[in-house]
Amino acid sequence: MAFTEFIAYLSLEKKYSQHTLTAYARDLEAFALFLEAEYGQQDFETVHYPQIRSWIVSLVDAGISNRSVNRKVASLKAYYKFLLKTGTISVSPLAQHKALKTPKKLQVPFSQSEIAATIEALNNQDGFESVRDKLIVSLFYATGMRRSELINLKVSDIDFGQAAVKVLGKRNKERIVPLLPGVLHDLKSYLDGERCEVVNQADTPWLFLTSKGAKLYETLVYRIINSYFSMTSSKVKKSPHILRHSFATHLLNEGADLNAVKELLGHASLASTQVYTHNSVAELKKIHSKAHPRNKS
């Protein structure tokens, strides 16, 4: 079964990334295979909820986590929403569906000292990759940008005059994020020095490159962050997203306005940003406990 029109809609109207489009198509094809195997049916338009519920049960029985099951059902729900929008169906079979319960995952940010120690360790190393990696760590922490956003940065996105960087976020939404003087200094040094040693700046627009002059890729960026923070942090998860989480948490801990942090992160809604307030509240409780007169002996 083809879902060409739906995928085209997500791409052109919703501006979803290729990675997301592939995931949607894969989920829909998986349900189509189940429908054919279990019910000898190929028509999504006449599906009833009990059939979808059977699919969900089969996924859970196969050991797939509730979180992953919810994501797959969300793809199906989006497709039925599209069929409603186009007038193909009048009622979605998922209209009354409730997502499976999932445990809340608490993301533990790096401490300021862990980040400082990592950057300090990189300061003591020479060569293109070390200079590049230090800049990657610094830029993640200074801007809170996503891994995909960093990978897609171009040299032309850096505005030294305005001390800012243009970031292309989800659904091709642009935002301007200010840059700290130290990061600007490191960026200029990298562009004028180490990057030139790998490739002439006129040959490629990408800001960050591999040692062979190619554009960075996601697994390499993950390995860079995981490798360096493994030397300075005992946190279970060490990833670019944890640096983004640290950026937001530390700003909020220092009294930054939630709406301002939302804009810096490129979130579409305030609800997405509010997940970072958990650690801020924890920090406030600690400060309150230490400072309040009634808690002093």
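No lab work stands behind these numbers, since they all come straight from the coordinates. This structure is a prediction, so every number in the text was calculated from the model and none was measured. Using ideal geometry, Cβ is built from the backbone for each residue, glycine included, and neighbour counts are taken over all protein chains shown.
One table, with the values for the structure above:
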{"item": "log₁₀ of I(q)/I(0) at q = 0.11 Å⁻¹ - region 112-289, Debye sum with one point per alpha carbon", "result": "-0.47"}
{"item": "Mean Cα-pair separation over length for the chain, i.e. relative contact order, pairs under 8 Å, 6 or more apart, %", "result": "16"}
{"item": "Rounded FRET efficiency, nearest 0.05, which uses the C-beta distance separating R171 from C196 and R0 of 41 Å", "result": "0.75"}
{"item": "Which labelled figure in (i) 197; (ii) 224; (iii) 138 is volume of the Cα convex hull per residue in Å³, once derived from the coordinates", "result": "(i)"}
{"item": "³J(HN,Hα) computed for each position of region 246-254 - Karplus, 6.51 cos²θ - 1.76 cosθ + 1.60, integer Hz, glycine/proline x", "result": "5, 4, 5, 5, 5, 5, 5, 4, 8"}
{"item": "Proximal aspartates and glutamates relative to K98, as straight alpha-carbon distance under 19 Å, when same-chain residues fewer than 8 apart are discounted", "result": "D27, D61"}
{"item": "Residue-wise HN-Hα coupling along region 63-74, computed from phi with Karplus coefficients 6.51, -1.76, 1.60 (Hz; x: Gly, Pro)", "result": "x, 6, 5, 4, 4, 5, 4, 4, 5, 5, 5, 4"}
{"item": "Relative packing of peptides 236-246, 64-74, 117-127, 86-96 - highest average C-beta neighbours within 10 Å first", "result": "236-246, 64-74, 117-127, 86-96"}
{"item": "Residues whose placed amide H lies under 5 Å from that of K154, excluding near-sequence neighbours", "result": "L207"}
{"item": "For region 1-79 versus region 188-263, the gap between their alpha-carbon centres in whole angstrom", "result": "34"}
{"item": "Rounded if a/c under 1.5, otherwise prolate or oblate - region 4-85, Cα gyration tensor axes", "result": "oblate"}
{"item": "In sequence order, calculated HN-Hα J values of region 214-223 (Karplus, 6.51, -1.76, 1.60; Hz; x Gly/Pro)", "result": "8, 5, 4, 10, 4, 5, 5, 4, 4, 5"}
{"item": "Proxy reagent accessibility, fewest Cβ within 10 Å first, across V60, V221", "result": "V60, V221"}
